[in-house]
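Student: Before I ask anything, let me first share the structure, which is written out below as structure tokens.
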């Protein structure tokens with residue numbers, strides 16, 4: 001899953017980095033104004049004076065608001081009504097669901113709440129899908145698979161079979177990369193190696209359709 005963020009003082013950047021480190025699902029990050037090809041993402045922003053949305057975030061949302069699953073924001077409670085007010089204005093103007101408002105760079109509890117929301121976002125809850133990607137750090141093809149999944153904004157768990165041999169045995173993994181898609185307790189899809197047609201099938205399971213142009217642009 002991709003987290004796109006805007007940071008002025010570094011608080012949002014620190015929050016996003018903490019979330020990426022703590023999440024069991026792989027969270028990829030991108031800081032505005034830089035934008036990489038993506039299908040779905042969560043947004044985290046700061047608030048400008050008087051509770052306004054930062055101009056770079058407005059520019060980004062005017063082009064990409066339909067791809068954003070949630071918005072979160074940093075603020076200072078000393079601002080009173082303007083505390084993380086950009087989040088409220090983004091919801092009002094673009095209809096993007098609010099995940100979290102957090103203080104400065106976030107407490108451990110706020111970071112965990114942010115992660116929990118993303119891990120249980122509606123797309124996953126409705127289908128009860130789980131994706132596990134078995135990989136090793138030195139595997140180039142594993143990185144290619146990760147980029148393809150990330151382009152669609154698909155959440156997955158990275159597992160190194162050497163660190164978790166019990167899981168490798170449970171899921172009958174003999175080589176990497178292996179991607180296993182389950183629904184409840186049933187396996188519904190498996191990919192060994194990198195197969196674009198399987199990535200496409202996974203994207204359809206998540207309701208993202210078949211926009212292959214964005215996928216190939218990032219691989």
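A short reminder: the numbers here are calculations on the coordinates, not readings from a lab. As the structure is a prediction and not an experimental result, all values here were calculated from the model. Cβ placement follows ideal geometry from the backbone for every residue including glycine, while neighbour counts extend to all protein chains displayed.
Student: By the gyration tensor of its Cα atoms, with a ≥ b ≥ c the square roots of the eigenvalues, what is the shape of segment 50-138: rounded for a/c under 1.5, prolate for a/b over b/c, or oblate? Present the calculation step by step, with values, prior to reporting the outcome.
Tutor: Working: a/c = 2.06, a/b = 1.55, b/c = 1.33.
Because a/c hits 1.5 or more and a/b exceeds b/c, segment 50-138 counts as prolate.
Student: Would you list 157, 172, 13 from fewest to most Cβ contacts within 10 Å? Intermediate values should be presented prior to the final figure.
Tutor: Working: 157 16, 172 10, 13 19.
Ranking 157, 172, 13 by Cβ neighbours within 10 Å, fewest first, gives 172, 157, 13.
Student: By counting other Cβ atoms within 10 Å of each Cβ, how are 35, 4 ranked from fewest to most? Intermediate values should be presented prior to the final figure.
Tutor: Working: 35 13, 4 24.
Going from sparsest to densest Cβ surroundings: 35, 4.
Student: If I take all pairs of Cα atoms in segment 21-70, what percentage of them are more than 16 Å from each other? Before the final figure, lay out the partial values.
Tutor: Details: 552 of 1225 pairs.
Beyond 16 Å sits 45 percent of the P(r) for segment 21-70.
Student: Helix 108-119 sits at what angle to the longest principal axis of the chain, using alpha carbons and giving 0 to 90 degrees rounded to 10?
Tutor: 50
Student: So if we plug the beta-carbon distance of residue 136 and residue 103 into 1/(1 + (r/R0)^6) with R0 = 41 Å, what FRET efficiency do we get, rounded to 0.05?
Tutor: Working: r = 38 Å, r/R0 = 0.93.
Efficiency computed from Cβ-Cβ geometry: 0.60.
Student: Give the value in nm², to one decimal: projected area of the alpha carbon convex hull of segment 2-120, averaged over all directions.
Tutor: Numbers: hull surface 26.6 nm².
Over every viewing direction, the Cα hull of segment 2-120 projects on average to 6.6 nm².
Student: Can you put 67, 174, 195, 133 in order of Cβ neighbours within 10 angstrom, beginning with the fewest? Walk me through the numbers before you get to the answer.
Tutor: On the way: 67 17, 174 9, 195 13, 133 21.
Sorted ascending by nearby Cβ count, the order is 174, 195, 67, 133.
Student: Residue 78 versus residue 65, label points 7 Å from Cα toward the beta carbon: distance in nm?
Tutor: 3.2
Student: For helix 55-64, report the angle its Cα long axis makes with the longest principal axis of the Cα atoms of the chain; keep it between 0 and 90° and round to the nearest 10°.
Tutor: With rounding to tens, the tilt is 40 degrees.
Student: Which number comes out as Rg/Rh for the chain once both Rg and the Kirkwood Rh are worked out on C-alpha atoms?
Tutor: In the chain, Rg relative to Rh is 0.99.
Student: Right, next: Spin-label point model (7 Å from Cα, Cβ direction): what's the residue 147 to residue 189 distance in nm?
Tutor: 2.1
Student: Sort 187-194, 101-108, 40-47 by the packing proxy (mean of other Cβ within 10 Å over each peptide's residues), most packed first.
Tutor: Working: 187-194: 15.2, 101-108: 17.4, 40-47: 24.6.
My ranking of the peptides, most packed first, is 40-47, 101-108, 187-194.
Student: What angle, in degrees between 0 and 90 and rounded to the nearest 10, separates the Cα long axis of helix 196-205 from the longest principal axis of the Cα atoms of the chain?
Tutor: Taking Cα atoms only, the helix is inclined about 60 degrees.
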